Amino acid sequence: MTRTAEPRPPADRPAAPSLPGGPPTAPVDPTALPVAPTPLVWRRLRRAGRDHGPLLLLVVVLYALATGAALVAPWVLGMIIDAVRDGAAPARVDVMALAIVAALLVNAALLLAAVAQSIRFGEGLLAELREEFVRSVLRLPLGAVERAGTGDLVSRTGRDVNSLSVMVRESLPVFATGGATVLVILVAQVFLHPALALAWLPSALIIWVSTRWYARRAPEGYLAEMGTYSRLTQGVSDTVEGAHTLEALGRQEWQDLRTDADVRRAYLAERYTLWLRTVWYPPLEFSYMFTSATTFLVAGFLYVQGELSLGQIATAVFLTVQMSRPLEHLIDQIDNVMVGFTGMRRLLGVQGTEETPGTGAEPETGEPGAVAVEGVRFGYAPGTEVLRGVDLDLRPGERLAMVGPSGAGKSTLGKLLAGVYLPGAGTVRVGGVDLAALSPEERRERVILLSQESHVFRGTLAENLALALEDDGADRERLWRALEAVDAATWVRSLPEGLDTRVGSGQDALDPAHVQQLALARVVLADPQVLVLDEATSMIDPRSARRLEGSLAGVLAGRTVVAIAHRLYTAHDADRVAVVDGGEIVELGTHDELLARGGSYAELWNAWHGEG
Ligand code: ATP
């Protein structure tokens, strides 16, 4: 049985953050799922750019044209000033004013088209990233999910995907408009007079220095912030799942304290990133306003030198003023972009955890169902070995019972036999093939691990059973045969809607014994070469469980079965028994042989038999 460490009560109050400085929260949980390095996110974005090149080009061109059209107004206004000063005819001024109106209409139409196309681009990219993420999640090794806890994964699938969609849907168009505006205005000013570019230099320097300061701190800050959300989600999920236990033990206040501590960590992390923005924004805002002033200064100087007309000065200043709105919007979106970008690092990080596809290079040399464990060592954490050199050979169709004291390593060995974890040293071969060389799918085809915690999915009983089959529309006879094999056909028949009874979340809870029977029926349908049962009948009353194991043995004849059990009749009925103690197999033989040996199995049996 997999166990979780006994939670320690939280510290009264988490330490106060040290602002400014390093991340203000506790370090990101080392067991959390990994986070992709920044270059990987850029690589993925570049790939998106390549894959959707023409559409992206269209978006950029439309934004640039829209910005160009928006520049007609300040440009023509300058011309109007010069024309009025030179005493031009009113009709000419009217034509120029009409040109401004026409340009504004064109700008609105181009902007509409640009936004529509950028939404097309953004939605396409978002759909791709989501699909990639779902694929990665489905391929996650069970071991990684167990280590990280569900909170991290739930937080990534919910919050991070959401923040990514905000970035793609809202922030990218704003960034595109802002970027295009700055670029086009800069080009227009240089066109007006190359020396006007000098007016941008002081602001460029301020932006460069302050952005560097921000960029050095922000990624870690946002990463820590999102890590605290994972922790918070895990805490909430623990509270919901363990509500009855907490209530029974009167530990609600203790759990409240833990949640408070998690909320506070999240608060401190958010405060830190908020602080970073608070320091960074003023220089940004100042610099784009400062550009208007310096433009005025440079343009004035050029006017005195006779290089620019009064109207051209007005155009130059109008142009810089026109930058302020898009830049303000851009600044508003920076937080969303940072959160979205970090979310993407976390989502791509899950891809890095996908199980190795396996080389598939090893030919199937052994008989299907033969298991060979050789010199297997394994520990969950470096420096602590749970399995210390296990050797075990099972012939095809053999039934082995694994017994031993709690914490001896039985479940761990079961997980290694099923390829949930790969050994630190040694090999596990099934059908002669090293499990480490197989893809997750290939491993699951050969070995299935069934623990005592089984899940009932929302849907009908038939759908729950058909999960084990490639073909969803499995014929009902097959489903009934599987149910009969696990002694479940009678109660399913007694239900008014039989196989079409809806179960799972939102429906009446099934009896835990029935849940285990369904899980066993799924295994019968999946028909693997090797089956590892870890307390898979523990919820069923002993008498029925023994009968069930008997009928299951009939159905699974020819399949190798490893049953981890505390009820020793399982050992009595098995072909051989392995006693695991201290991470090693200390006794191996038939029930009678081990009894005759008078070792630890005999002791266990006598104690159990005495109780039973
Ligand atoms: P039981 O009969 O109580 O289920 P077991 O013999 O199956 O016990 P395991 O569950 O394999 O024993 O545990 C062996 C050791 O590994 C124990 O010390 C346990 O605390 C530790 N352990 C088990 N699962 C994990 C895990 N996911 N992370 C860290 N340590 C673990």
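Counting only helices (runs of 4 or more DSSP H) that sit completely within the stretch 542-611, those holding 3 or more residues that are away from the ligand (no atom under 14 Å from the Cβ) and under 21 Å from residue 398 (Cα atoms) correspond to 542-555, 569-573, 591-597. Within the stretch 544-564, residues that are among the acidic types (Asp, Glu) sit with their Cβ atoms under 9 Å from residues that are part of a helix (DSSP H, G or I) and away from the ligand (no atom under 16 Å from the Cβ), at 6+ positions apart or across chains, in these pairs: 549/569; 549/573. Of everything listed in (1) of a type outside the set (A, V, I, L, M); (2) at pLDDT 85 or above; (3) within 16 Å of the ligand (Cβ to nearest atom); (4) over 13 Å from residue 142 (Cβ atoms), the single unmet condition for residue 452 is (2). Taking the criterion of being within 16 Å of the ligand (Cβ to nearest atom), among the small types (Gly, Ala, Ser) and touching a helix residue (DSSP H, G or I) at 6+ places or on another chain (Cβ under 8 Å), the residues of the stretch 416-449 that qualify are 418, 419. Checked against (1) surrounded by fewer than 22 Cβ atoms within 10 Å (Cβ to Cβ); (2) part of a loop (DSSP other than H, G, I, E, B); (3) within 16 Å of the ligand (Cβ to nearest atom), residue 396 meets all criteria but (3). Scanning for something among the aliphatic types (A, V, I, L, M), more than 9 Å from the ligand (Cβ to nearest atom) and buried (at least 24 other Cβ atoms within 10 Å of the Cβ), does the stretch 404-415 turn up at least one residue? No, that holds for no residue. For the stretch 377-393, taking the residues that are in contact (Cβ under 8 Å) with a residue 12 or more places away in the chain and aliphatic (A, V, I, L, M), the one that is farthest from the ligand (Cβ to nearest atom) is identified as 392.
Looking only at residues in the stretch 241-254 that are assigned to a helix (DSSP H, G or I), more than 26 Å from the chain's Cα centre (by Cα) and not small (Gly, Ala, Ser), the one that is surrounded by the most Cβ atoms within 10 Å (Cβ to Cβ) is 246.
Say whether the condition of being in the same structural domain as residue 322 (by TED's automatic domain parsing) and touching a Lys or Arg at 6+ places or on another chain (Cβ under 7 Å) is met by at least one residue in the stretch 236-252. Talk me through it step by step, then tell me what you get.
Restricting attention to the stretch 236-252, the residues satisfying the condition of being in the same structural domain as residue 322 (by TED's automatic domain parsing) are 236-252.
From what is left, the residues that are touching a Lys or Arg at 6+ places or on another chain (Cβ under 7 Å) are none.
Looking through the stretch 236-252, none of the residues is in the same structural domain as residue 322 (by TED's automatic domain parsing) and touching a Lys or Arg at 6+ places or on another chain (Cβ under 7 Å).
Scanning the stretch 267-303 for residues that are in contact with a helix residue (DSSP H, G or I) (Cβ under 6 Å, 6 or more places away or on another chain) and without any contact (Cβ under 8 Å) to a residue 12 or more places away in the chain yields a count of 1. Answer yes or no as to whether residue 285 is surrounded by 15 or more Cβ atoms within 10 Å (Cβ to Cβ) and acidic (Asp, Glu). For residue 285, the condition - surrounded by 15 or more Cβ atoms within 10 Å (Cβ to Cβ) and acidic (Asp, Glu) - is not met. Scanning the stretch 222-240 for residues that are farther than 30 Å from residue 77 by Cα, surrounded by fewer than 20 Cβ atoms within 10 Å (Cβ to Cβ) and polar (S, T, N, Q) turns up at least one hit. Listed by position, the helices (runs of 4 or more DSSP H) enclosed by the stretch 425-522 that each have at least 2 residues that are surrounded by fewer than 21 Cβ atoms within 10 Å (Cβ to Cβ) and of a type in the set (A, V, I, L, M, F, W, C) are 489-494.
The values are calculated or read from the model by the stated rules, or taken from the named source; none is laboratory data. If you're wondering where the values come from, they're calculated on a predicted model, not measured in any experiment. Heads up, the Cβs are rebuilt from the backbone with ideal geometry, glycines too, and the neighbour counts pull from every protein chain shown.
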